[in-house]
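Inspection log for the structure reproduced underneath, given as structure tokens.
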Amino acid sequence: MDGTALPVVVVGAGPVGLAAAAELLEQGLEPLVLEAGTEAAAAVRGWGHVRLFSPWEWIVDPAAQRLLEEQGWTAPDPEQYPTGAEWVERYPRPAGPGAGRAGRHRRPRGRGDPAWA
């Protein structure tokens, strides 16, 4: 970013937010990912014991997969249906926001933060 352009903001580091960030990174943009939780996929962690309704091949964004594979990530069995916890461990945790490339993320301030106005 050259300092004059506004960032592309992605709201949430859940499944869709991570996919959007990966797609933006592939386009040469540096997304700013805002996540209310303490880490990526914070909401999914709350129901980690639940098996997802979609197999891996439908829940891993192609751009994110390419970014992860650059770092040595191996995709799970595309026909397997993971639990929320398995999905978090195998996908958002390594993807982080940015998957090892330039990309920024932050947790917005909220009512529990001292600076809430």
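Within the stretch 11-42, which residues are assigned to a strand (DSSP E or B) and in contact (Cβ under 8 Å) with a residue 60 or more places away in the chain? Outline the logic, then answer.
Filtering the stretch 11-42 for residues assigned to a strand (DSSP E or B) gives 11, 32-34.
Correct list: Leu32, Val33, Leu34.
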Can you give me the number of residues within the stretch 4-31 that are of a type outside the set (Gly, Ala, Ser) and over 17 Å from Leu67 (Cα atoms)?
7
Those residues of the stretch 21-53 that are surrounded by fewer than 20 Cβ atoms within 10 Å (Cβ to Cβ), within 17 Å of Trp87 (Cα to Cα) and within 11 Å of the chain's Cα centre (by Cα) come to a total of 2
Filter result (touching a helix residue (DSSP H, G or I) at 6+ places or on another chain (Cβ under 7 Å), within 16 Å of Ala19 (Cβ to Cβ) and assigned to a loop (DSSP other than H, G, I, E, B)) within the stretch 50-68:
Leu52, Asp61
Filter the stretch 69-84 down to the residues that are within 14 Å of Pro15 (Cβ to Cβ) and either of a type in the set (Asp, Glu) or in a helix (DSSP H, G or I) (or both) and list them by number.
Gly84
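Based on what the data block shows, is Tyr91 of a type in the set (Ser, Thr, Tyr), closer than 14 Å to Val16 by Cα and surrounded by 14 or more Cβ atoms within 10 Å (Cβ to Cβ)?
Numbers: of a type in the set (Ser, Thr, Tyr): yes; closer than 14 Å to Val16 by Cα: yes; surrounded by 14 or more Cβ atoms within 10 Å (Cβ to Cβ): yes.
Against the criterion (of a type in the set (Ser, Thr, Tyr), closer than 14 Å to Val16 by Cα and surrounded by 14 or more Cβ atoms within 10 Å (Cβ to Cβ)), Tyr91 qualifies.
Bear in mind these aren't lab numbers, they're just calculated from the coordinates by the rules spelled out. This structure is a prediction, so every number in the text was calculated from the model and none was measured. Backbone-built Cβ (ideal geometry, glycine too); neighbour counts: all protein chains shown.
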